[in-house]
1. How much accessible surface does Thr107 have with a 1.4 Å probe, in Å² rounded to 10?
2. Kirkwood Rh, the chain, all Cα pairs: how many Å?
3. What is the chain's relative contact order, in percent, from Cα pairs under 8 angstrom and six or more apart in sequence?
4. Looking only at segment 80-103, which residues have a backbone nitrogen under 20 Å from a spot 7 Å from the Cα of Ser7 in the C-beta direction?
5. Whole number in Å², please: accessible area per residue of the chain, 1.4 Å probe, ligands, DNA and RNA not counted.
6. In segment 19-38, which residues have a backbone nitrogen under 12 Å from the label point lying 7 Å from Asn73's Cα in the Cα-to-Cβ direction?
7. Return P(r) of segment 50-103 (all Cα-Cα pairs; 5 Å bins starting at 0; whole %; ordered from short to long distances).
8. What per residue convex hull volume, in Å³, comes out for segment 14-70 when only alpha-carbon positions are used?
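The values are calculated or read from the model by the stated rules, or taken from the named source; none is laboratory data. Everything numeric here is computed off the predicted structure, so don't read it as measured data. Every residue, glycine as well, gets a Cβ built from its backbone with ideal geometry; the counts of neighbours run over all protein chains shown. What goes into the accessible areas is simple: the full protein's heavy atoms, side chains included, and nothing from ligands, DNA or RNA. Shrake-Rupley method; radii C 1.70, N 1.55, O 1.52, S 1.80 Å.
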Amino acid sequence: QVQLVESGGGLAQPGGSLRLSCAASGIIFSSYAMGWYRQAPGKQRELVAFVHSGGFTNIADSVKGRFAISRDNAKNTVYLQMNNLKPEDTAVYYCKALDLAYWGQGTQVTVSS
């Protein structure tokens, strides 16, 4: 059974940082490109960043220069480092294997002073 468990969200002040983690099980993690998505209230879910199995990364323009994605195949975990957070980054963040249809429960990120 595929499981994706996100953690690390919370309340941050503008300009602050958070690091999200997503632990995967039930898949051959190292074989899949992994992505972080977010969904803000009233908006569609969007892809924020992804990392290929070989480590190549792609970051959405809206967060480029502030967010970084990485993975640890030994731990079956993908990370999203978020720096210089802005109120518009407030959303529920989800991880997903790009080629699979499974979603985790998400982790709430709120950026507010």
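1. 20
2. Kirkwood radius, the chain: 13.8 Å.
3. 37
4. 80-82, 92-97, 103
5. Result: 52 Å² of accessible area for each residue.
6. Only 28-33 pass the distance filter.
7. Distribution as computed: 4, 16, 27, 26, 17, 8, 1 percent.
8. 108
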